[in-house]
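These notes concern the structure reproduced below.
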Amino acid sequence: SQAVTPIRSSARIAHPHDLLITQEWHLWQQDCFASDGFASSGRVQPFKQIFRELYVPTAAEQQESGSRRYEGHQVNPKQALALWGQRGWVTAPEEGVRRTFHAEGLIAEVDFVNGFYTPLEIEGLTIAHVSFYRRDDW
C-alpha cells in the first residue's frame with residue numbers, strides 16, 4: 001500500500017504550455033517510454049498532460065488576431081454545442097460561440113459559415129474563423 005502525500009495548496013496541474021516553455025516536454029514523453037513501456041512501468045498519468053495537443057499561434061495568426069486553422073472543418077452541432085457548453089462557452093444564435101477568459105482579459109469567438117442556428121435546423125456546422133479579442137476592446 002502506498003502512502004498518501006497531501007498536495008500543498010499552491011500546487012497546480014501543469015498545462016501543456018508549461019511543459020513547452022521548459023523546453024523539456026519531449027524528455028517527459030521519452031521518460032514515459034524509457035522502461036518496458038508506459039503501461040508496464042506502472043505509471044499513471046491521470047490528466048494526460050504530456051501527450052495532450054497544444055496549438056501555438058503562428059505569426060500570421062497573431063497578426064490577424066484570429067485563426068483560419070480550422071476553416072472548413074465540420075462539427076456535429078449537437079455534440080459540439082454540448083462540449084462547448086460543458087467548458088463554459090456561450091452560444092449566440094446567428095453569431096457563433098464565444099468564451100471570455102477573465103483572468104487573461106481575452107474573448108475567443110468561433111464563427112461559422114452561413115451563421116449559427118439551432119442544431120435541429122442544420123445538418124452540420126462548418127467553422128469559418130476563430131477570433132481573439134481583448135475584453136476591453138470588444
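FYI, it's all coordinate maths here, none of it is from the lab. None of these values were measured; they are calculated from a predicted model. Here the Cβ is made from the backbone with ideal geometry for all residues, glycine too, and neighbour counts use every protein chain on show.
What residues qualify as long-range amide H neighbours of GLY66, i.e. H under 5 Å apart, gap of 5 or more or another chain, H built at 1.01 Å from N?
PHE132
Quick check: residue separation of ILE13 and VAL56 times 0.36 nm, minus the Cα distance between them. What number comes out in nm?
13.5 nm
Given R₀ = 22 Å, what would the calculated FRET efficiency be for LEU83 paired with ASP137, taking r from the Cβ atoms and rounding to 0.05?
The calculated FRET efficiency here is 0.20.
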